[in-house]
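Remarks on the structure that follows.
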Amino acid sequence: MKYKTLKGLQDILPPEIAVWHHVENISRDIFKNYGYQEIRLPIMEATDVFIRSIGETSDIVEKEMYTFQDKGSRSVTLRPEGTASFVRAYVEHHLYNNPAPQKFYYMGPMFRYERPQAFRYRQFYQIGAEAMGIDDPKLDAEIISMISAILKSIGLEGLNFEITSIGCKKCRPDYRTALKNFFSGKLDRFCSDCQRRYDANPLRILDCKVPSCIESRKGSPPVLDYLCGECKEHLDRLRSYLGLLKVQHTVNPNLVRGLDYYTKTAFEVSSENLGSQSAVAAGGRYDSMVEEFGGPPTSGIGFAMGMERIIPLIKNSAGGTDGPDLLFCPMGDKASEKAFLLTEQLRAKGLWVEMNLEDTSLRSQMRKANRIRAQHIIVIGEDELKNNKVVLKNMTSKEEIAAAIEIKELLKIISDRK
RNA sequence: GUGAGUGUAGCUCAGCUGGUUAGAGCAUCUGACUGUGGCUCAGAGGGUCGAGGGUUCAAAUCCCUUCACUCACCCCA
C-alpha cells in the first residue's frame, strides 16, 4: 500500500457517517431551541491567537500545535480548539453590538499533535457553543443543561457532570500565591513535571496523578476557600440553578482545565465507558478574553464536545440502510440504452434509481439487486421494448405489476408503494 | 517525549518446538438445462507472511535492525 492516512487522522466511511449525521442533527435541533446560531470559522489562525488565549505554558501551546510558516513567512496554526478562533471573530466583526446574549455554535475539525490513543486523534471533531455578553450564572446553568439535553437526546448514559470555580483575575493570583507558599518548602518531594508546573502553573500540580505528588500535596489550600465574594456567589447560584433544572452534578475542586483563559466556572462531562480518555465534553467561562483580544469587556461561556468520544458510546449504531427505489436490469444493448434514459428521467422526478451497467446474466443482476437492497426492479429486454410493457417487481413482497414504459406511470406506481 | 503489546488474503484469524506449490471462515466475482434474487451447492480471483539483514541444506516460524499500528503515561474533546 503506497499511501495511508497520516498518524492520528482517520477516514470516516459511509456506514459510520449515518451516526455522525445523527449526532449533528440532534445537536442542531437542540441548539435551535436554545437560540444558538451556527458560525463557521477558518481552521487556521495566526499562531498568536492561540498563544495569547490558551496560554504560553499550556501543554497545547508548548507541544501540541500544528504550527508552520506560510509562503509569506507568517506563523500560522491549525486550530487546536474552537474558542480562541471564535473570540477573534467575535471581536473582529463587532458581534458584541448585537443584543446580549449572543449565542453561537460550530462543528468541525480541530488539530493537536499528540500521540494517538483510544478515542484520541490528531484531527478530531468538536461540536461547540459559545454564549456571550451575560455574566449571570443562569447562562452557565443553561449551557450545562443544554449539554445534558443533547447528550441525553443522543441516548448516552453513565455520564458524570463535574463543576468547579477556578476564580477570576482578582482572586486567582491570591490562590496562586497561597499554593506556591504551600509547595515552596517541599518542592523536592514532587515529580519533575510538578517542579516545572510550580513556576508555570501551580494549579496543575493539584491534578498530577503521580502517587508521591498526591501524597505530598495533602493539606494544600482548597481553591474554593480562596474565591472572592463574587466568584463564590457565582458558583453557589450556579449550583442552585442546576438543582432547579435537575441537572445532576458534583463539585470537583481539583478539576483543572488545560486552557488558561477560563475564569470562574469550569466544567467537564465524563463517561464511565471510555477507558482513560473519559472527557466527552468540557467548557467554562472566560470573562476577560474578549477584552484581551481588543474588544470591550465582555463575559463569555462556552463548551465543546468530542465527536470521537460520543460516537462509540452510541449503542446499536449500525443501522441497515435501504438501497435504491428502483433498479433496471436490462438485457441487451437496445434495452440498456432505453433503461439508461429512463433512469435519468426518473431521477429527475426525485427517485433514487440505478441500473445495471454491465451486461451480465439476469440471475447475477438479480443477485446484485438483492445485495444492494433495491426496493423495486424492472427487467427490460427485447420483448418489453417491442410491447412497450414492463413488469415492476417489489423485491420485498415479490409482488409484480405490469406497466407501460412511460415515466408518469412508473413514477406513480413506485411512489404509491413507497 | 516515555513505556508495553501486535504486524499472515478486503475483514477476523489458524499455521505446534523451522521442512515441499501458505490455509479457513466471512466478503467479492462466476456457474448450477441459455430471462428472475435472498438459502444451498460448485468454482474462481486475491497474500513478495510489514520491510531490510542474519543463522540454516531449508525461515511466516529463530536472531538483529527498522517501520507501522494499538494501548498506556503526560495532557486532553
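The values are calculated or read from the model by the stated rules, or taken from the named source; none is laboratory data. Predicted model only: the values in this text are computed from it and were never measured. Here Cβ is always computed from backbone atoms with ideal geometry, including for glycine, and neighbour counts include all displayed protein chains.
Helices (runs of 4 or more DSSP H) fully within segment A:291-401 that include at least 2 residues being of a type in the set (D, E, K, R) and outside the structural domain of A:Met110 (by TED's automatic domain parsing): A:333-348, A:362-371, A:382-387. Annotation: of all residues in segment A:326-349 being among the charged types (D, E, K, R) and either within 12 Å of RNA strand B (Cβ to nearest atom) or within 20 Å of A:Glu409 (Cα to Cα) (or both), the one that is nearest to the chain's Cα centre (by Cα) is A:Arg347. Condition (residue is under 30 Å from A:Lys170 (Cβ atoms), among the aromatic types (Phe, Trp, Tyr) and surrounded by 20 or more Cβ atoms within 10 Å (Cβ to Cβ)) applied to segment A:319-330: is it met by at least one residue? Checking segment A:319-330: not a single residue is under 30 Å from A:Lys170 (Cβ atoms), among the aromatic types (Phe, Trp, Tyr) and surrounded by 20 or more Cβ atoms within 10 Å (Cβ to Cβ).
To keep it simple, each residue is scored yes or no on (1) touching an Asp or Glu at 6+ places or on another chain (Cβ under 6 Å); (2) more than 10 Å from RNA strand B (Cβ to nearest atom).
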position: A:Leu351; (1), (2): yes, yes
position: A:Glu354; (1), (2): no, yes
position: A:Leu362; (1), (2): no, no
position: A:Glu382; (1), (2): no, no
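At least 1 residues being surrounded by 19 or more Cβ atoms within 10 Å (Cβ to Cβ) and among the β-branched types (Val, Ile, Thr) is the threshold, and among the helices (runs of 4 or more DSSP H) wholly inside segment A:187-271 those reaching it are A:223-226. Among residues of segment A:114-138 that are closer than 30 Å to A:Glu230 by Cβ, those with a beta-carbon under 7 Å from a residue that is part of a helix (DSSP H, G or I) and among the polar types (S, T, N, Q) at least six positions away or on a different chain give the pairs A:Glu130/A:Thr83. Looking across A:Tyr226, A:Tyr241, A:Tyr286, A:Tyr262, one residue alone is away from RNA strand B (no atom under 14 Å from the Cβ), in contact (Cβ under 8 Å) with a residue 40 or more places away in the chain, under 19 Å from A:Arg172 (Cα atoms) and among the aromatic types (Phe, Trp, Tyr). It is A:Tyr226.
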